[in-house]
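Working notes, structure below.
The values are calculated or read from the model by the stated rules, or taken from the named source; none is laboratory data. What you see is a predicted model, and the numbers here were worked out from it, not measured in a lab. Counting neighbours? That spans all protein chains shown, and the Cβs are built from the backbone with ideal geometry, glycine included.
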Amino acid sequence: MQTIWGPLFRRRRIRWRRERVATSDGDFVDLDWADSSRAGAPLLLVLHGLEGSSSSHYVVGLAGQALARGWRAVTLNFRSCSGELNRLRSFYHSGHTADLDEVVGMLVQREPGLRIGAVGVSLGGNVLLKWLGECEGDVPGAVVGAAAISVPFDLARCAEALDRGFNRLVYTANFLGTMRDKVRLKAARDPGLREIVDVPLALRARTFTEYDRAVTAPLNGFADERDYWTRASSAPYLRRIQRPTLLVNALDDPIVPPGALPDPATLPSWIRAEFVGYGGHAAFLEGRWPWRVESWAERRAVEFLAALATAEDGSPAGTVC
């Protein structure tokens, strides 16, 4: 119920300002900005989930939390998620961190003194955590901390959960519907795609196993779907993260089973794991049901990052409060 409620009933909208960013490989990503009137305000960088965008209910909720604090917010729409197909054959995927790296570098270079709090939801959280672990101590100092909500830390376990029963009929069918449409459009635009991708299998795919075997793995240099799941999962990178980080997941998440969660005892002291009994996927509802309801995880994430971004004297903070 919590997982389904957000997409169906959260209707708040934000007026975004779009910026197109050319990537170094000849493609592009679209950034959507929500500006505050406060000069030099901290920036909340939001990464959405699978087939999401800046219009996703949790992105709007996070941006609203930031604006209420006088912050600015920007959403990185992954390739093909901003309403327009990207130029290259490959799409985004759970382990693709190059665009995030380029965008952060651009933001830091463009605005000296910038303070960034980064938050990722679901797939976006996996991308964020993997990037932090890959960079280790080389994460730009402007990134004061990170929060990740409903992360699929172990992609193989999550794919297995999505590919059976109710999850397959509801969640997987919903995701794969738009993913198959994008493959169809790209194949029509670029007949050479069929030399790499098993387009017939992709168009009839009803599980992530079938789709990732047909599309994600061959387009991105993975041996097969299991090689992709293993190499793109964020779990192995957690102990390499060197920024204060908050992890929020629910044990009743239908997409991320408890067995996919890391053991908090194995994490560095600056990574705070808040794994709660109830909350669903990207939901975590609080308030008066059914209409006056918000997400406490979104509020918690911005509170966590705000404590890092601003010390009592207004200067950047560097430790978890």
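Just one residue in the set Asp154, Asp163, Asp99 is within 17 Å of Pro262 (Cβ to Cβ), of a type in the set (Asp, Glu) and in contact (Cβ under 8 Å) with a residue 40 or more places away in the chain; that residue is Asp154.
Residues of segment 1-29 that are at pLDDT below 95 and touching a Leu at 6+ places or on another chain (Cβ under 7 Å): Gln2, Trp5. Under the condition of being touching an Asp or Glu at 6+ places or on another chain (Cβ under 9 Å) and over 15 Å from Leu44 (Cα atoms), the residues counted in segment 84-136 number 17. The condition (being at negative phi and outside any strand (DSSP E or B)) is satisfied by just one residue among Arg20, Arg13: Arg13. For Arg189, the conditions (1) surrounded by 13 or more Cβ atoms within 10 Å (Cβ to Cβ); (2) in contact (Cβ under 8 Å) with a residue 60 or more places away in the chain; (3) out of contact with any helix residue (DSSP H, G or I) (no Cβ under 6 Å at 6 or more places or on another chain) are fulfilled apart from (1). So for segment 17-34 (the condition being farther than 30 Å from Leu155 by Cβ, of a type outside the set (Asp, Glu) and buried (at least 16 other Cβ atoms within 10 Å of the Cβ)), does at least one residue qualify? Within segment 17-34 (the criterion being farther than 30 Å from Leu155 by Cβ, of a type outside the set (Asp, Glu) and buried (at least 16 other Cβ atoms within 10 Å of the Cβ)), the answer is yes, since at least one residue qualifies. On the stretch given as segment 26-47, residues that are without any contact (Cβ under 8 Å) to a residue 40 or more places away in the chain and within 30 Å of Arg292 (Cβ to Cβ) total 5. From the list Phe78, Phe91, Phe28, the one residue that fits, being within 19 Å of Ala118 (Cβ to Cβ), under 18 Å from the mean Cα position of the chain (by Cα) and not acidic (Asp, Glu), is Phe78. Quick one: would you say Gly133 is assigned by TED's automatic domain parsing to the domain that holds Glu51, closer than 21 Å to Glu84 by Cα and not acidic (Asp, Glu)? Considered against the rule, which asks whether it is assigned by TED's automatic domain parsing to the domain that holds Glu51, closer than 21 Å to Glu84 by Cα and not acidic (Asp, Glu), Gly133 comes out as no. Among residues of segment 1-25 that are in contact (Cβ under 8 Å) with a residue 60 or more places away in the chain and within 30 Å of Asn220 (Cα to Cα), those with a beta-carbon under 7 Å from a residue that is buried (at least 16 other Cβ atoms within 10 Å of the Cβ) and among the β-branched types (Val, Ile, Thr) at least six positions away or on a different chain give the pairs Val21/Val29; Val21/Val103; Thr23/Val29. Only helices (runs of 4 or more DSSP H) whose full extent lies in segment 198-239 are considered here, and the ones with at least 2 residues that are in contact (Cβ under 8 Å) with a residue 60 or more places away in the chain and basic (Lys, Arg) are 225-232.
When Leu8 is tested against (1) surrounded by fewer than 16 Cβ atoms within 10 Å (Cβ to Cβ); (2) hydrophobic (A, V, I, L, M, F, W, C); (3) part of a strand (DSSP E or B), exactly one condition is not met: (3).
Considering the conditions (1) touching a Gly at 6+ places or on another chain (Cβ under 6 Å); (2) under 23 Å from Ala159 (Cβ atoms), Ile241 is excluded by exactly one of them, (2).
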